[in-house]
Amino acid sequence: MEKVNETKKLGISFKCNSDVEKYIYGNTIDELIDGLALIKDGKFINQFIDEFKSVTEEQLLRLDEIMVTTDDAREIVKYAEKRKDKINTQKYQDKLIELKNIPILIRFTSFAIHPDIEKTEDAVINDGKEDCVMDLLECVEGVNEKRIKEFIFNRKNAYYAYHFIKTLQSKEIILNMNDILEAKKIVIESKDMFVIRCWAEHIGDVTEMEDLTIKYGTACDMYRFANNVKNINIEKFREAINKTDDKTSIGLFNWSFPKPNLKPKSFFDRFKK
């Protein structure tokens, strides 16, 4: 905030620290807010309420109405988080849906007071991005898990099918066996070695995933599986990996998993004939 020369008509100026310098002028806080209403700059409004600690609740309510007319989703949600118990949640949610910034909409729904979760679900699912749908499941309480499951499984994307099951597991939600089997089928049919390894590591079915890795994977895939998944049949992997031509992976595997019956030579044993 800067004081303006006393000979000028206006007594206060306020500068927004953005890429393009903007100023508002006025003799009172209310006159400055009039300027904010004309500019409709979300960053300016957030800086303003941080600077002017003496703003009254009535003035803040007016700023609530001004902010929701701006077009920067990030600034809107930044403001909304500060004023979540005072703003009109539905009006802010509708604005963010209009701006089509789905990650910001999800963030808003995660902390807002009584948001319309179904309305956010509609926007996220209609946008059609699996990562955003999974963010919704992870971040927002009370979402329709069945609806998200249908979207994810219909896409037949192995990673997100696995991620769906893993997320429900992490949230300690009781898993439906049919859902697990359907996700597992998508993972198996994909032959995606990374997802197969993740499934074995975090969900289970280790023996089945071992066999798939040995059947479809490279020597490098086998080594990574063995190095990351617990309770596997090391000797089965050793036999398979040693049949390949990948000397680097063979060396790494045999160095990481030496045969139990082979004791490393001592310093003096190296000189024995």
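The values are calculated or read from the model by the stated rules, or taken from the named source; none is laboratory data. Note that the structure is predicted; figures quoted are calculated from it, not measured. Glycine gets a Cβ as well: all are built from the backbone with ideal geometry, and neighbour counts include every protein chain shown. Keep in mind that these areas ignore ligands, DNA and RNA; they rest on the heavy atoms of the full protein, side chains included. Shrake-Rupley method; radii C 1.70, N 1.55, O 1.52, S 1.80 Å.
Things to note:
- Cα centre as origin, Lys/Arg/Asp/Glu Cβ charges: the chain dipole, Debye: 1820 debye
- Among the protein heavy atoms of the chain, carbon and sulfur supply 49% of the accessible surface, probe 1.4 Å, non-protein parts ignored.
- Inter-centroid distance (Cα atoms) of segment 55-81 relative to segment 137-196, Å: 37 Å
- Accessible surface of Ser256 - all protein chains present, 1.4 Å probe, nearest 10 Å²: 40 Å²
- Positive dipole terminus of the chain, leading residue within Asn157, Leu63, Gln90 (C-beta point charges): Asn157
- 22 Å Cα-Cα threshold exceeded, pairs from Lys100/Lys171; Lys166/Lys230; Lys236/Lys259; Lys100/Lys184; Lys40/Lys95; Lys100/Lys129: Lys100/Lys171; Lys100/Lys184
- Solvent exposure of segment 130-273 amounts to 63 Å² per residue of accessible area, where only protein heavy atoms count and the probe is 1.4 Å.
- Helix axis angle, 117-127 relative to the chain longest principal axis, alpha carbon, degrees: 70 degrees
- Hydrodynamic radius of the chain by the Kirkwood approach over all distinct alpha-carbon pairs: 23.6 Å.
- Segment 92-126 and segment 231-257: distance between their alpha carbon centers, rounded to Å: 49 Å
- Per residue, the convex hull volume that the Cα atoms of segment 159-226 enclose (Å³): 73 Å³
- Taking all protein chains as they are arranged and a probe of 1.4 Å, the heavy atoms of Lys166 leave approximately 50 Å² accessible to solvent.
- Area accessible to solvent at Asp50, 1.4 Å probe radius, in Å²: 70 Å²
- Exposed loop sites here mean GluC sites (Glu not before Pro) with a DSSP loop assignment and at most 16 other beta-carbon atoms within 10 Å; the chain contains its longest site-free run at 22-140.
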